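Trainee: Once you've had a glance at the structure underneath, I'll fire off some questions.
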Amino acid sequence: MVRLLVTVVLGLVFLCEASAQEQKYKIDLYHYNGGEYVSLRWYPQSVEDYRRGALKGFVVQRRMVNNSKPDEWKELTRIIASSYDDFTKFLDVDNSDLGLIGFSLYQDEIKKRTKKLLDEGMEMPDSISINSYDSPEAQDYVYKMGLASCEFDWGVSKMAALCFKDETADRTSIYEYRVVFADGKEEDKSKIVRVNMAQLSILPAPTIFDGYEDNKKAYFSWDITQLENVYSGYRVERSSDGIMFEPVNERPIIHMYADDRFEHICTYTSTLPQCDKDYYYRMCGVSNFGLLGPYSRVVKLRCVTEYMVKVQIDTVVMNEKNEAELQWHIENPYDQKVKGLFVQRVEKMALDSITRKVNFSTLNKKPLSPKIRTYKDQSTLLTNYYRVLAFGEDTTQISVSNVYFSHQIDSVPPAAPKGLKGTIDSLGVVRLEWEANKEDDIMGYRVFFANRKSTEFIGCSDTFLMTPFYTDTLFLGSLTNEIYYKVMALDFNYNQSAMSEPIRLVKPDTIAPTKAVILSIEQDSTGSVGIKWANSASEDLDRVELYRKISDEGAWVKIEEWKRNSLVEAYVDTFPFKGERIYYMIVNYDESDNRSLVESIPYKTKYVKKECIKNLQHSIDYQKGGVRLKWDQCGCKVSKIYIFRTTNGHTKLVDTVLGAERVYFDRSLVKGDAVKYIIQPVTEKQSRKLVTEEFIY
């Protein structure tokens with residue numbers, strides 16, 4: 001497991017791209033108040049900060065808050081991560097990737113162990129080297145992957161020194177917690193959380209959980225508007241009786257989306273284990289403290305099995321009275337209902353000029369019992385083609401057997417032709433040849449083809465071949481790259497032999513894949529441009545490349561590439577556009593490296609002011625005599641924030657606060673004033689301002 005995991009991590013490290021973000025805290029902190037205890041999780045904002053704390057120690061501190069004035073900080077515990085050997089043992093026993101966080105701690109040990117594995121013969125892609133560990137971007141990527149692996153496993157988080165449960169808290173007190181580095185430096189850069197032990201943490205219940213079935217697949221969606229700030233993932237459970245439920249997904253489902261329409265909608269797809277049976281599904285949230293939230297309503301789904309009954313005519317024996325006795329067997333692997341059988345016959349296998357089908361006649365007026373396996377045709381024709389139909393509960397459940405030929409005089413068919421072989425040249429010309437049959441009464445041969453081996457073979461022509469050779473011409477521009485041929489021999493009494501063994505021929509691929517279709521290009525409120533398209537319908541599509549060009553004179557730049565097993569049909573371009581005309585181009589490649597491309601029409605972008613603060617809220621506190629404003633930051637580097645107030649139609653600057661502030665209390669109000677507030681962050685570039693609704697103080 002470790003050998004495999006090392007290779008996978010090296011691959012991810014090489015492919016990742018760094019994404020830096022300004023952070024207010026060195027150590028971010030979250031809590032869960034369980035009443036008898038307080039659970040804490042913390043997230044160092046860089047891999048360097050994590051190593052600093054995990055290897056030298058994180059110190060969990062607590063202080064009591066009395067009358068809004070906190071006491072001195074007291075150390076609850078000092079936590080250090082497990083050793084490298086412990087992480088290695090965990091991976092070997094658990095056989096999972098939950099120990100990825102250990103790779104962020106023990107880089108030197110990993111390089112030594114990887115070198116040893118390489119010396120022992122472990123293969124590594126040519127594009128990846130052992131020095132991939134040294135890249136800062138690679139280390140940051142592995143660290144983020146490690147944090148994700150800890151998110152739903154308290155045990156791994158404990159090994160990684162990223163969690164603690166305080167079981168000494170008094171249920172009637174108010175505390176503040178923080179986690180600092182053991183070296184005592186930068187304590188002011190650790191986030192502080194306040195916990196009122198009398199106010200328990202409550203996990204919200206899902207309000208919407210819908211599901212439907214399509215072609216044995218179960219599709220689910222649920223609204224996470226009220227859930228996304230509480231749960232890190234979700235769990236879907238299934239039951240066959242509506243009482244005992246078991247998880248469907250091995251790991252929690254994480255909400256990811258490329259289309260803004262699904263910003264607050266999470267989706268999941270599963271497979272129904274069995275058709276013709278009811279299954280019950282429900283969903284719950286999974287917090288990053290390993291706790292499950294309340295369950296959603298139960299959704300019942302059921303799929304219906306397709307009609308899998310197969311009828312096979314085994315023999316048709318013509319006796320001395322020219323009576324034909326048919327024998328068949330029925331394969332019914334799913335024990336589906338067979339209500340009756342019909343025997344049909346036609347004299348010649350000729351297509352009707354209108355229906356383009358062979359017009360079989362039904363011999364028995366009433367359906368035969370499904371238990372019957374024989375039928376005697378007492379009024380045969382000179383030549384007879386038979387088939388048997390089985391039908392189920394409704395008209396859609398019909399199974400048609402193979403067609404079996406019988407002749408009144410000579411019913412012994414020739415042997416199946418042997419030695420069939422063939423070639424296809426670059427112009428699509430097919431040349432087939434086979435061994436001539438040794439029977440004296442061979443009238444000729446017929447050649448059949450199919451695009452797939454499992455489908456019905458169709459005759460290439462209506463004429464008989466007098467010699468064991470055949471030439472065909474194929475259209476090389478079709479979507480299928482292979483073709484199958486069989487040969488059948490006929491005697492002078494029109495007895496047909498069994499088909500020869502099929503041969504498979506591969507067409508030379510000179511046709512480019514069909515073009516992709518660009519569906520839409522739209523710029524959202526953040527300035528990012530989303531492009532949607534429909535990929536090529538070619539079966540041998542191998543990869544897709546996406547290019548961007550800025551302005552008519554700009555050069556095309558490749559911005560993304562997807563392989564066959566990871567194709568997408570949407571992309572969000574986060575390039576900082578400033579009102580330019582842009583173009584996109586999608587290039588499709590097939591397995592033979594033929595390509596097709598489609599270029600979009602020009603799209604005029606807009607310069608969008610960045611949203612640096614959000615969720616502005618206000619509340620009136622008559623007891624303290626003022627209005628409290630609260631807001632959230634969105635990751636911008638904010639130097640300061642201007643607070644404006646409009647009172648009875650007049651606007652003025654009330655105060656200027658530091659960019660890191662998220663709360664402001666205004667005491668300079670007079671009862672009866674009609675007021676509203678404007679919050680303007682000051683950043684390197686213009687950013688949006690937030691405005692409250694007008695209210696009466």
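Trainee: List the aspartates and glutamates whose Cα lies under 14 Å from the Cα of Lys216, skipping any in the same chain that are fewer than 8 positions away.
Mentor: Within reach: Asp276, Asp278, Glu306.
Trainee: Can you give me the long-range amide H partners of Glu611? Hydrogens built in the peptide plane at 1.01 Å from N, cutoff under 5 Å, separation of 5 or more residues or another chain.
Mentor: Here the answer is Arg688, since their amide H atoms fall under 5 Å of that of Glu611.
Trainee: Go through 658-666, 49-57, 27-35 and give me the packing order, highest mean Cβ count within 10 Å leading.
Mentor: On the way: 658-666: 13.9, 49-57: 19.0, 27-35: 17.4.
Descending mean neighbour count gives 49-57, 27-35, 658-666.
Trainee: For the range 313-453, give the magnitude of the charge dipole about the Cα centre (Cβ charges: +1 Lys/Arg, -1 Asp/Glu; no others), in debye to the nearest 20.
Mentor: 500 debye
Trainee: Give me the compactness ratio for the range 460-538, meaning the Cα radius of gyration over 2.2 N^0.38 Å.
Mentor: This ratio for the range 460-538 stands at 2.05.
Trainee: Of Lys56/Lys111; Lys24/Lys549; Lys191/Lys609; Lys532/Lys578, which sit over 26 Å apart, Cα to Cα?
Mentor: On the way: Lys56/Lys111 21 Å; Lys24/Lys549 36 Å; Lys191/Lys609 29 Å; Lys532/Lys578 21 Å.
Over 26 Å Cα-Cα: Lys24/Lys549; Lys191/Lys609.
Trainee: Determine the dipole magnitude for the chain: charges of +1 sit on the beta-carbon of Lys and Arg, -1 on that of Asp and Glu, nothing else is charged, the reference point is the Cα centre, and the result goes in debye to the nearest 20.
Mentor: 2300 debye
Trainee: Shifting gears a bit: Could you tell me which residue out of Trp328, Met488, Ala390 lies farthest along the dipole of the chain toward its positive end? Charges go on the beta carbon: Lys and Arg +1, Asp and Glu -1, centred on the Cα centre.
Mentor: Most positive-ward Cα: Ala390.
Trainee: Could you give me the ³J(HN,Hα) list for the range 281-291, computed from phi with Karplus coefficients 6.51, -1.76, 1.60 and θ = phi - 60°, whole Hz, x at Gly and Pro?
Mentor: Coupling constants for the range 281-291: 10, 8, 9, 8, x, 10, 7, 6, 9, x, 9 Hz.
Trainee: Give the lysines whose C-alpha is closer than 24 Å to that of Lys116, dropping any in the same chain fewer than 8 places away, or say none.
Mentor: By straight Cα distance, Lys116 reaches Lys89.
Trainee: Show me, for the range 444-457, the HN-Hα J-couplings you get by feeding each phi into the Karplus relation (A = 6.51, B = -1.76, C = 1.60, θ = phi - 60°), rounded to Hz, glycine and proline as x.
Mentor: x, 10, 10, 10, 10, 9, 7, 7, 9, 5, 7, 8, 5, 7
Trainee: Further question on the same structure: Mind ordering 490-498, 558-566 by average Cβ neighbours within 10 Å, highest first? Before the final figure, lay out each step's value.
Mentor: Values: 490-498: 17.7, 558-566: 11.0.
Highest to lowest by the protection proxy: 490-498, 558-566.
Trainee: If you work out Kirkwood radius over Cα pairs in Å from the coordinates, which of (1) 33.1; (2) 26.0; (3) 28.3 do you get?
Mentor: Here the calculated entry is (1).
Trainee: Ordering Leu105, Leu690 by how much accessible area each has at a 1.4 Å probe, largest first, what is the list?
Mentor: Leu690, Leu105
Trainee: Also, I was wondering about something else. So how far, in whole Å, is the C-alpha centre of the range 327-399 from the one of the range 676-693?
Mentor: Between the Cα centre of the range 327-399 and that of the range 676-693, the gap is 78 Å.
Trainee: To continue, here is another question. Taking only DSSP H segments of four or more residues, each worth -39500 (n - 2.57), what value at 222 nm results for the chain once the sum is divided by all its residues, to the nearest 500 deg cm²/dmol? Walk me through the numbers before you get to the answer.
Mentor: Values: 7 runs with 74 residues, N = 697.
So the helix-based figure for the chain works out to -3000 deg cm²/dmol.
Trainee: Taking amide hydrogens as modeled 1.01 Å from N in the peptide plane, which residues meet the under 5 Å criterion relative to Asp655, leaving out close sequence neighbours?
Mentor: Residues meeting the criterion, in which the H sits 1.01 Å from N, are Ile643.
Trainee: Quick one: Karplus J couplings for the range 612-622, per residue in order, coefficients 6.51, -1.76, 1.60, θ = phi - 60°, nearest Hz, x for Gly and Pro?
Mentor: Each residue of the range 612-622 in turn: 9, 9, 8, 6, 5, 10, 10, 8, 8, 10, 5 Hz.
Trainee: As I understand it, the value is the acute angle between the Cα axis of helix 2-15 and the longest principal axis of the Cα atoms of the chain; what does it come to in degrees, rounded to 10?
Mentor: Tilt relative to the chain: about 80 degrees.
Trainee: Lys and Arg at +1, Asp and Glu at -1: add these up for the other residues within a Cβ distance under 10 Å of Phe448 and post the number. Mind showing how you got there, number by number?
Mentor: Details: positive: Arg446, Lys486; negative: Glu456.
Cβ neighbours under 10 Å give a net charge of +1.
Trainee: Please calculate how many Å² of accessible area the range 354-477 carries per residue, with a 1.4 Å probe and no DNA, RNA or ligand atoms counted.
Mentor: It amounts to 63 Å² per residue over the range 354-477.
Trainee: Divide, for the range 279-413, the radius of gyration over alpha carbons by 2.2 N^0.38 Å, where N is the residue count.
Mentor: Expressed relative to 2.2 N^0.38 Å, the Cα Rg reads 1.69.
Trainee: Let me ask something else about it. Which lysines have a Cα lying under 19 Å from the Cα of Lys310, excluding residues fewer than 8 positions away in the same chain?
Mentor: Lys337, Lys339, Lys371, Lys453
Trainee: Can you list residues from other chains, or at least 5 along the same chain, whose modelled amide H is less than 5 Å from the amide H of Ala218?
Mentor: The list, which skips near neighbours in sequence, is Ser270, Thr271, Leu272.
Trainee: May I ask for the equivalent-ellipsoid semi-axes of the range 366-469, computed as the square root of five times each C-alpha gyration tensor eigenvalue and listed largest first in whole Å? Please list the in-between numbers first.
Mentor: Numbers: eigenvalues 227, 96, 23 Å².
Its equivalent ellipsoid spans semi-axes of 34, 22, 11 Å.
The values are calculated or read from the model by the stated rules, or taken from the named source; none is laboratory data. What you see is a predicted model; the values in this text were computed from it and never measured. So basically every Cβ, Gly included, is an ideal-geometry build from the backbone, and we count neighbours across all protein chains shown. Protein only, heavy atoms only, side chains kept; ligands, DNA and RNA dropped before computing areas. Shrake-Rupley method; radii C 1.70, N 1.55, O 1.52, S 1.80 Å.
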